[in-house]
1. For the cross-link pairs 5/90; 67/137; 90/137; 5/109, which exceed 31 Å when the distance is taken from alpha carbon to alpha carbon?
2. Mind jotting down the distance between the C-alpha centroids of the stretch 55-132 and the stretch 31-45, whole Å?
3. For Cα pairs less than 8 Å apart in space and 6+ apart in sequence, what is the mean separation divided by the residue count of the stretch 3-120, i.e. the relative contact order in percent?
4. Using only the Cα atoms of the stretch 3-120, build the gyration tensor, take square roots of its eigenvalues as a ≥ b ≥ c, and label the shape rounded, prolate or oblate: rounded if a/c is under 1.5, else prolate if a/b is larger than b/c, else oblate.
5. Based on the mean of other beta carbon atoms within 10 Å per residue, what is the order of 63-69, 92-98, most packed first?
Amino acid sequence: MPTIKVNDVDIYYEDSAPNDTQKPVIVFAHGLLWSSQMYDKQVEYFQTDYRCIAFDFRGQGQSQITKSGYDMETLTEDTLGLIDALAIAKCHFVGLSMGGFVAQRIALKRPDLLLSLALLETSADPEDPKNIPEYRKLVKAIRWLGDEACEQKSHAHYVWQYFFGRQAAQI
């Protein structure tokens, strides 16, 4: 389990070619309540020609859980810290949902770092206020279940499906 200390947080990552500095790099950033594992098939496909980095944001997957630091700016700084710690000068960056929010911030802060940007199911718009009640339900569920229960992906996925899936209409 490779981790690297970034901003005093242990960030879990997978590196398909840690010793190959000649291959172009693709960095994969996952969505909220997911992990780097969501990109396993993409890494498997691209690793022949690219050095693929997939990581877990703080508090998700196998990265360290912290009491704070879950705002987009901190997640962006964590991501930039990881990229810098791995001595990546330029990369293609793929971001899904929350990973896309981070990707856009990286494009603004460090455009020199990016060879390309792939944004999946994300937006640059502010959050639609009609979604806020759904997020409040999620926060209440996490508080009710407790942090320990939500650390496990299966619980987080269940909570997500319950509150945002088919069952949400029944609540």
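1. Distance filter (> 31 Å) returns 90/137.
2. 14 Å
3. Details: 226 pairs, mean separation 34.8, N = 118.
Here the relative contact order equals 30 percent.
4. Numbers: a/c = 1.42, a/b = 1.30, b/c = 1.10.
Note, shape of the stretch 3-120 comes out rounded.
5. On the way: 63-69: 13.9, 92-98: 21.7.
The packing order, highest mean first, is 92-98, 63-69.
Bear in mind these aren't lab numbers, they're just calculated from the coordinates by the rules spelled out. The shown structure was predicted, so the numbers you read here are calculated from the model rather than taken from an experiment. We place every Cβ from the backbone using ideal geometry, glycine too, and count neighbours over all the protein chains shown.
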